[in-house]
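Here is the structure we will look at.
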Amino acid sequence: MGFDASDDAAVYKLNETQALIQTLDFFTPIVDDPYTFGTIAATNALSDVYAMGGEPTLALNIVGFPNCLSPLILKDILRGGADKVKEAGALLVGGHSIEDEEPKYGLSVSGIVHPEKIWTNIGASDGDVLILTKPLGIGVLTTALKEEMTDAETYDEIVHIMTYLNKYPYEVLKNYEVHACTDVTGFGFLGHALEMAKGSNVTIKVNVEDVPFIKAAIPFAEMGIIPAGAYRNRAHALSSIEVDPEIEEVYLDLLFDPQTSGGLLVAVPESQAIEILGKLNDVCEIKSHIVGNVVAKKEMCVILKNIK
């Protein structure tokens, strides 16, 4: 796998039965608690391996840390990351740190996948059904969190979403036919859907009424608490998207909202979609939803249907 598509990680064939998945991700704190920050950053980094249809094997810490902060804070960040790597069934084998003005943490992750079972984001086919495994709104809510506008219940909900490994939907999906897969992160739902549509040479129809949104994010979005990344995503993608004029602006903002440690967006055969959805919702703590379908290529790459 090379640079001809916008895949989530690099893949290098080792032999006839094994290919190496390699990825890296790190960022600055989005919550105050060091341990929680570590778990979120690690969950986010591990996600790319699952999005390629593989299983993480090894991880290395990537750390930037200021010398004015207590080493105990760094210890808690690393402990959070280590716990998530362990939950993923991988090994944490060291890493590298530098002095930095602002804390930064993440992982370089290696994984293994069978060369004939690699998932990419460019294989969606006419007739496929789209399933999303986590709700949207994380970017809006973490922006509100920075302004101390969220309550404890909302904080707990978004932390649970961001620290829930995509390992669990992957373990269901690997037993079925997956035509395309990506995890929804910084480009927002529509940015990643657009990549899938363009790369697959198809059009994706999204039933906005079926897309799961975190309820607490809607009033903040209505207030204009929108991260800057959402506006960049909109500027990049909107010209390739047909938007029903009756769709409320708040939902469009949330569809462009950049996600941290978001869910998987998968294209699966229509004949298997209901069974897959049922299995996902039996096994996973966070409910998955059918959010649209794939049709033959039209003028626009993504079509947004009206929300009721």
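Which condition from (1) in a helix (DSSP H, G or I); (2) touching a residue at least 24 places away in the same chain (Cβ under 8 Å); (3) among the hydrophobic types (A, V, I, L, M, F, W, C); (4) farther than 24 Å from Tyr170 by Cα is the one that Ala235 breaks?
Among (1) in a helix (DSSP H, G or I); (2) touching a residue at least 24 places away in the same chain (Cβ under 8 Å); (3) among the hydrophobic types (A, V, I, L, M, F, W, C); (4) farther than 24 Å from Tyr170 by Cα, the lone unmet condition for Ala235 is (2).
Go through region 239-263 and count every residue that is surrounded by 24 or more Cβ atoms within 10 Å (Cβ to Cβ), out of contact with any Lys or Arg (no Cβ under 6 Å at 6 or more places or on another chain) and under 21 Å from Thr120 (Cβ atoms).
2
Just one of (1) within 17 Å of the chain's Cα centre (by Cα); (2) under 11 Å from Val109 (Cβ atoms); (3) of a type in the set (A, V, I, L, M) trips up Ile30, so point out which.
Every listed condition holds for Ile30 apart from (2).
Can you pull out every residue in region 117-146 that is closer than 25 Å to Lys279 by Cα and surrounded by fewer than 23 Cβ atoms within 10 Å (Cβ to Cβ)?
Lys117, Ile118, Ile122, Gly123, Ser125, Asp126, Gly127, Val129
What are the pairs, 6+ residues apart or on separate chains, where a residue within region 107-133 that is more than 22 Å from Pro56 (Cα to Cα) has its Cβ under 7 Å from a residue that is modelled with pLDDT of 95 or more and assigned to a loop (DSSP other than H, G, I, E, B)?
The qualifying pairs are Gly123/His179; Ala124/His179; Ser125/His179; Asp128/His179; Asp128/Pro269; Ile131/Ser288.
Every residue, every condition in (1) in a helix (DSSP H, G or I); (2) charged (D, E, K, R); (3) free of Cβ contacts under 8 Å to residues at least 40 places away in the same chain, yes or no:
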residue: Glu222; (1), (2), (3): yes, yes, yes
residue: Ala230; (1), (2), (3): yes, no, no
residue: Ser239; (1), (2), (3): yes, no, yes
residue: Val250; (1), (2), (3): yes, no, yes
residue: Leu254; (1), (2), (3): yes, no, no
residue: Thr260; (1), (2), (3): no, no, no
residue: Val266; (1), (2), (3): no, no, no
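Out of (1) hydroxyl-bearing (Ser, Thr, Tyr); (2) out of contact with any strand residue (DSSP E or B) (no Cβ under 9 Å at 6 or more places or on another chain); (3) surrounded by fewer than 23 Cβ atoms within 10 Å (Cβ to Cβ), what's the single condition that is false for Thr203?
For Thr203, the failing item is (2).
Can you pull out every residue in region 1-44 that is within 22 Å of Gly199 (Cα to Cα) and in a loop (DSSP other than H, G, I, E, B)?
Within region 1-44, Met1, Gly2, Phe3, Asp4, Ala5, Ser6, Asp7, Asp8, Ala9 qualify.
Identify the residue in region 295-305 that is farther than 26 Å from Ile161 by Cβ and of a type outside the set (Gly, Ala, Ser) and, among all such residues, is surrounded by the most Cβ atoms within 10 Å (Cβ to Cβ). Step through it out loud before you land on a result.
Taking region 295-305 as the starting set, the residues that turn out to be farther than 26 Å from Ile161 by Cβ are 295-301, 303.
In the following step, the residues that additionally are of a type outside the set (Gly, Ala, Ser) were identified as 295, 297-301, 303.
Values: Val295: 16, Lys297: 14, Lys298: 14, Glu299: 8, Met300: 17, Cys301: 24, Ile303: 19.
Checking each candidate, the answer is Cys301.
Just to be sure, is Pro103 in contact with a strand residue (DSSP E or B) (Cβ under 9 Å, 6 or more places away or on another chain) and surrounded by fewer than 20 Cβ atoms within 10 Å (Cβ to Cβ)?
Judged against the criteria, Pro103 is a match.
Identify, please: which residue in region 66-77 is within 11 Å of Tyr105 (Cβ to Cβ) and in contact with a strand residue (DSSP E or B) (Cβ under 6 Å, 6 or more places away or on another chain) and is, among those, surrounded by the fewest Cβ atoms within 10 Å (Cβ to Cβ)?
Going residue by residue through region 66-77, those that are within 11 Å of Tyr105 (Cβ to Cβ) are 73-74, 76-77.
Restricting the remaining residues to those that are in contact with a strand residue (DSSP E or B) (Cβ under 6 Å, 6 or more places away or on another chain) gives 74, 77.
Details: Leu74: 18, Ile77: 26.
The residue in question is Leu74.
Touching a residue at least 60 places away in the same chain (Cβ under 8 Å), hydroxyl-bearing (Ser, Thr, Tyr), outside any strand (DSSP E or B) and not assigned by TED's automatic domain parsing to the domain that holds Ile226, is that true of Ser47?
Numbers: touching a residue at least 60 places away in the same chain (Cβ under 8 Å): yes; hydroxyl-bearing (Ser, Thr, Tyr): yes; outside any strand (DSSP E or B): yes; not assigned by TED's automatic domain parsing to the domain that holds Ile226: yes.
So Ser47 fits the description; yes.
Could you list all residues from region 268-308 that are in a helix (DSSP H, G or I) and of a type in the set (Asp, Glu)?
The answer is Glu270, Glu275, Asp282.
Return the residues of region 147-184 that are surrounded by fewer than 23 Cβ atoms within 10 Å (Cβ to Cβ) and either within 23 Å of Ile204 (Cα to Cα) or among the basic types (Lys, Arg) (or both); say none if nothing qualifies.
Lys167, Lys174, Tyr176, Glu177, His179 - these are the residues of region 147-184 that are surrounded by fewer than 23 Cβ atoms within 10 Å (Cβ to Cβ) and either within 23 Å of Ile204 (Cα to Cα) or among the basic types (Lys, Arg) (or both).
The values are calculated or read from the model by the stated rules, or taken from the named source; none is laboratory data. Because the structure is predicted, anything quoted here is derived from the model rather than measured. Neighbour counts run over all protein chains shown; Cβ positions are idealised from the backbone, glycine included.
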